[in-house]
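Chemist: I have a structure I would like to understand better, so I am pasting it below and will then ask my questions one at a time.
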Amino acid sequence: MTATKALPVGTTMELDVGPIAHGGHCVARHDGRVIFVRHSLPGERVRARITSDNGKAFALAEAVEILTPSPDRVRPPCRFSGAGGCGGCDWQHAEPAAVRRGKATVVREQLLRLGGLSIGQLDKLGLTEDASAEALPGGPLGWRTRMRYAVDDEGRAGFHPHRSGKVLPIDDCLIATDAVRAIDVLGRTHPGLAGVDVVASSAGDRAVVVRPHAKVRADPARWPEEVAVLDGGAHPAASRRGHNRVREDAAGRRWLVHADGFWQVHPAAATALSDAVIAEVDPRPGQTALDLYCGVGLFAGALGVQVGRYGKVFAVESDRPAADNARRNLRDVPAVVVSTGGVGGWLRKNKIDKLDAVVLDPPRTGAGATVCRQLTALNPPVICYVACDPAALARDTRVLAGNGYELTSLRVFDAFPMTHHIECVAAFRPS
Ligand SMILES: C[S@@+](CC[C@H](N)C(=O)[O-])C[C@H]1O[C@@H](n2cnc3c(N)ncnc32)[C@H](O)[C@@H]1O
């Protein structure tokens with residue numbers, strides 16, 4: 001690619017804004033180049049300020065003045081949102097219904113561009129031009145049960161502005177649940193800490209995980225009596241109340257999760273995704289299934305109950321504490337066998353004669369080409385892929401299609417209102 005002259009950071013210009021793009025911005029063009037503009041909406045004319053440009057394919061900008069507003073524009077409920085503000089939420093300035101349409105547009109565009117699907121195929125999947133992501137119960141504010149705050153040199157908690165290592169101190173975050181806000185991380189100072197994580201679980205447990213700069217130890221006396229205080233690190237062991245796990249209720253069961261381990265942050269997401277997986281896979285008694293990247297066993301549990309005592313669900317997870325929790329969470333579900341280790345290695349070492357379904361829920365990077373090929377080589381009738389990054393899903397869709405598996409159904413969930421994040425449940429079947 002030929003390098004063009006980079007626009008200096010801080011340059012302002014008027015731009016006509018086009019469609020929403022992946023990552024929480026919209027696409028505009030200037031002198032034939034793409035400029036991704038945050039805090040704008042499709043159809044708007046804005047004055048934008050360049051925030052980054054290396055003279056290559058595109059530049060980044062933020063709208064500093066709205067010259068012609070979109071009918072979907074609203075006043076952001078959060079006063080820390082906007083140009084130069086908090087980098088946490090991308091869509092505070094848009095009607096929630098417009099954000100959900102935008103999220104479906106992003107998934108459609110990724111599947112067209114990276115996934116190699118045609119418009120006809122997308123329309124057939126219901127991902128038409130005017131499709132919307134599905135809303136979860138609850139509104140766009142007050143939903144986030146897990147927060148990761150950064151702490152500045154003066155001990156004040158806040159968030160990073162977009163693509164910045166700085167800390168913007170804040171005194172409230174409106175997308176956090178009331179229970180998270182009541183722990184009041186933002187109302188205190190945290191000398192010696194680089195960050196503080198907060199969990200307020202669906203079963204009523206409260207935990208903070210402190211992440212010290214150096215050898216600063218957590219001081220439980222600084223926190224409310226009912227909050228478990230854990231020293232940060234890979235897997236904190238110490239807690240005032242002698243435990244480092246919280247309980248979560250989802251999909252009709254109770255789950256133990258490490259306070260700093262993976263669990264969906266929207267209180268309705270775990271159940272919604274589990275229900276969507278089961279509806280797609282439709283497991284029957286006696287069948288055999290895989291739950292890859294199983295975390296604490298959410299999908300393995302639902303599959304295991306359905307396949308019953310004569311069925312089998314092999315669940316694989318590389319994070320030892322999560323795998324240990326999965327074993328404990330599912331000790332009353334005899335079909336489930338949990339293995340600790342990487343998915344690629346497990347698939348290389350284990351041969352399964354007759355497989356009825358594969359469920360996978362990889363991290364943001366996706367499963368990757370090697371794992372996708374390993375899965376298609378097993379010839380399952382259905383591969384159900386839960387994805388938190390539509391670009392990774394699209395790349396893996398192309399590999400699966402190249403190895404005989406066609407995308408046959410797709411659901412898009414707005415599991416992270418106000419932000420650009422999306423969850424998809426996609427099913428692939430032999431073409
Ligand atoms: C998006 S989470 C899904 C967890 C679970 N399905 C749930 O819904 O709670 C992805 C999980 O994959 C695990 N993981 C990441 N890379 C892995 C790998 N190569 N092999 C196995 N597990 C992996 C992470 O530790 C994490 O628990």
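Chemist: Given a 10 angstrom Cα cut-off, can you work out which residue in S132, S339, S164 is the most mobile in a GNM of the chain?
Modeler: Fluctuation is largest for S164.
Chemist: Among 402-409, 92-99, how do they line up from the highest to the lowest mean number of other beta-carbon atoms within 10 Å? All intermediate terms of the calculation are to be shown ahead of the outcome.
Modeler: Values: 402-409: 17.2, 92-99: 20.6.
Most protected by this proxy first, the peptides run 92-99, 402-409.
Chemist: Give me the extension gain from D353 to D16: residue separation times 0.36 nm, minus the current Cα-Cα distance, reported in nm with one decimal. Display every interim value, and only then the final one.
Modeler: On the way: separation 337, 0.36 × 337 = 121.32 nm, distance 5.68 nm.
Gain on extension, D353 to D16, equals 115.6 nm.
Chemist: Which one, H162, H22, H213, has the greatest fluctuation when you compute a Gaussian network model over the chain with C-alpha springs under 10 angstrom?
Modeler: It is H213.
Chemist: Here is a further query. With a point put 7 Å past each Cα toward its Cβ, work out how far R79 is from T408 in nm, to one decimal.
Modeler: Label-label distance for R79 and T408, simple model: 5.4 nm.
Chemist: Let me ask something else about it. So the label point goes 7 Å from the Cα of R328 along Cα→C-beta, right? Which residues of the stretch 270-299 then have their backbone N under 20 Å from it?
Modeler: 294-299
Chemist: Using a 1.4 Å probe on the protein heavy atoms only, what accessible surface does M418 show? Give it in Å² to the nearest 10.
Modeler: M418 has an accessible surface of roughly 20 Å² with all protein chains in place.
Chemist: For the stretch 265-430, what % of the accessible area comes from carbon and sulfur atoms, probe 1.4 Å? Mind showing how you got there, number by number?
Modeler: Details: 3130 of 6220 Å².
Of the solvent-accessible surface of the stretch 265-430, carbon and sulfur hold 50 percent.
Chemist: Which of the trypsin sites (Lys or Arg not before Pro) found in the stretch 9-100 are loop residues per DSSP with 12 or fewer other Cβ atoms within 10 Å of their Cβ? Spell out each step's value before the answer.
Modeler: Values: sites: R29, R33, R38, R45, R47, R49, K56, R73, R79, R100; in loops: K56, R79.
Those satisfying the criteria are K56.
Chemist: If you bin every alpha carbon distance in the chain into 10 Å steps from zero, what whole percent lands in each bin?
Modeler: The calculated distribution, bin by bin, is 4, 20, 27, 27, 17, 5, 0.
Chemist: So if R0 is 56 Å, what FRET efficiency would A377 and A221 give, r being the distance between their Cβ atoms, rounded to the nearest 0.05? Numbers along the way, then the final one.
Modeler: On the way: r = 56 Å, r/R0 = 1.01.
After rounding to 0.05, the efficiency reads 0.50.
Chemist: Another question, then. Using 20 Å as the Cα-Cα cut-off, could you pick out the over-long pairs in K312/K351; K312/K354; K56/K166; K103/K124?
Modeler: Values: K312/K351 14 Å; K312/K354 11 Å; K56/K166 25 Å; K103/K124 18 Å.
Pairs exceeding 20 Å: K56/K166.
Chemist: Of all beta bridges DSSP finds with both residues in the chain, what is the antiparallel percent, to the nearest 5?
Modeler: Numbers: 59 of 89 bridges.
So the antiparallel bridges in the chain amount to around 65 percent.
Chemist: Expressed as a whole percentage, what fraction of the accessible surface of the stretch 1-88 belongs to carbon and sulfur atoms when a 1.4 Å probe is rolled over the protein heavy atoms? Kindly include the intermediate steps, with their values, before the conclusion.
Modeler: Numbers: 2430 of 4510 Å².
Reported share for carbon and sulfur atoms: 54 percent.
Chemist: Per residue, what accessible area does the stretch 17-133 have, given a 1.4 Å probe and all protein chains present, in Å²?
Modeler: Numbers: 5140 Å² over 117 residues.
That works out to 44 Å² for each residue.
Chemist: When all C-alpha to C-alpha distances in the stretch 265-430 are sorted into bins of 5 Å, what percent of pairs does each bin hold, rounded to whole numbers?
Modeler: Reading upward from the zero bin: 2, 10, 19, 23, 23, 16, 6, 1, 0.
Chemist: Give me the extension gain from D184 to R309: residue separation times 0.36 nm, minus the current Cα-Cα distance, reported in nm with one decimal. Walk me through the numbers before you get to the answer.
Modeler: Numbers: separation 125, 0.36 × 125 = 45.00 nm, distance 4.60 nm.
Here the segment from D184 to R309 would lengthen by 40.4 nm.
Chemist: Based on the mean of other Cβ atoms within 10 Å per residue, sort peptides 348-354, 298-304, 266-272 so the most packed one is first. Don't skip to the end; give the middle numbers.
Modeler: Values: 348-354: 9.9, 298-304: 28.1, 266-272: 21.3.
Per-residue mean Cβ counts within 10 Å order the peptides as 298-304, 266-272, 348-354.
The values are calculated or read from the model by the stated rules, or taken from the named source; none is laboratory data. Source: prediction; values computed, not measured. Cβ atoms come from the backbone with ideal geometry, glycine included; neighbour counts cover every protein chain shown. SASA here: full protein model, heavy atoms, side chains in, ligands and nucleic acids out. Shrake-Rupley method; radii C 1.70, N 1.55, O 1.52, S 1.80 Å.
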